[in-house]
1. Tell me which DSSP H helices of the chain clear both cut-offs, 18 Å or more of axial length from alpha-carbon atoms and a mean Kyte-Doolittle hydropathy of at least 1.0.
2. As a test of the formula, what do you get for the chain when each DSSP H run with n ≥ 4 contributes -39,500 (n - 2.57) and the sum is divided by the residue count, at 222 nm and rounded to the nearest 500 deg cm²/dmol?
3. Can you compute the FRET efficiency between residue 214 and residue 144 using 1/(1 + (r/R0)^6), with r the Cβ-Cβ distance and R0 = 35 Å? Round to the nearest 0.05.
4. What FRET efficiency, computed as 1/(1 + (r/R0)^6) with R0 = 35 Å and r the Cβ-Cβ distance, is obtained for residue 153 and residue 57, rounded to the nearest 0.05?
5. Which of the lysines could a cross-linker bridge to residue 225, judged by Cα under 23 Å and excluding same-chain residues fewer than eight apart?
6. With every protein chain in place, what's the accessible area of residue 164 (1.4 Å probe, Å², nearest 10)?
7. Please report, in debye to the nearest 20, how large the charge dipole of the range 129-215 is about its Cα centre when each Lys and Arg carries +1 at its beta carbon and each Asp and Glu carries -1 there.
8. Projecting each Cα onto the charge dipole of the range 76-226 (Lys/Arg +1, Asp/Glu -1 at the beta carbon, about the Cα centre), which of 161, 90, 125 comes out farthest on the positive side?
Amino acid sequence: MNIKSIIGSLLLSVLALPAVAQSNEVLLETTEGNIRIMLYDDTPLHRDNFLKLVDEQFYDSLLFHRVIKNFMIQAGDPKSKHAESGEILGGGDLGYTLPAEIKTPTHYHARGTLAMAREGDARNPQRRSSACQFYIVWGKTYSTKELEAIQEKVLENTKGQTRFSSEMYWTYKKRGGSPHLDGQYTVFGEVTEGLDVVEKIQKVFTDDYNRPVDDVRIIRATRIKR
């Protein structure tokens with residue numbers, strides 16, 4: 001077989017491979033409306049853990065217990081299911097953590113992305129993720145000058161490992177997000193429908209501990225069947 005035939009056979013083999021697609025989606029039905037989320041396949045530990053909890057109905061009836069305008073909305077504290085009004089939340093967990101799967105600049109904190117919360121670097125230098133508490137980014141838009149300043153801080157926090165790409169600069173200037181978190185938290189999905197619901201939730205009135213005064217609850221979380 002000559003070289004052209006070999007190359008031709010290799011090309012046919014590549015073309016015959018199935019296209020790689022993000023294959024898992026979850027629907028969050030909340031008291032403020034529905035949010036549809038696509039999970040990334042290149043963060044498999046976070047994807048599979050999240051799907052496991054969804055299938056176990058873990059997230060059903062949990063609150064968005066931490067909401068900060070122009071930043072993010074956070075849920076997943078198991079203690080929030082039966083929490084009294086005004087109770088301080090955020091410390092609940094499942095007794096285990098997940099290894100970091102930080103994929104910057106492939107995945108970063110653009111508006112509408114899904115990421116896992118975690119303890120701070122002082123107690124958690126490996127930046128392992130919470131097993132259950134997640135947040136959806138809202139953020140804001142930034143100027144080039146603001147992003148350059150944030151970039152310097154992010155480089156410091158990640159020991160020079162996280163540098164913003166041109167795509168990231170464009171996204172943060174035009175779409176918005178929370179760039180100061182990049183390289184430090186695992187982003188593992190994104191909202192595909194219901195970004196207006198995220199916007200509505202991040203605008204609700206909150207107490208001094210960032211908990212919504214009127215509860216915002218996940219009624220049900222389900223895996224979307226294809």
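The values are calculated or read from the model by the stated rules, or taken from the named source; none is laboratory data. Computed from a predicted structure; not experimentally measured. Methodologically, a virtual Cβ is constructed for each residue, glycine included, from the backbone with ideal geometry; neighbour enumeration extends over all protein chains shown. Areas reflect the complete protein model, heavy atoms only, side chains present, ligands, DNA and RNA absent. Shrake-Rupley method; radii C 1.70, N 1.55, O 1.52, S 1.80 Å.
1. On the way: long enough: 3-16 (20 Å, 2.00); 144-157 (19 Å, -0.81).
Within the chain the helices that satisfy the rule are 3-16.
2. Numbers: 5 runs with 57 residues, N = 226.
About -7500 deg cm²/dmol.
3. Taking R0 as 35 Å, the efficiency between residue 214 and residue 144 is 0.35.
4. Details: r = 40 Å, r/R0 = 1.13.
Once rounded, the FRET efficiency stands at 0.30.
5. Within the straight-line cut-off, residue 225 pairs with 52.
6. That residue has around 20 Å² of solvent-accessible surface.
7. 340
8. Working it through, the farthest residue towards the positive pole turns out to be 161.
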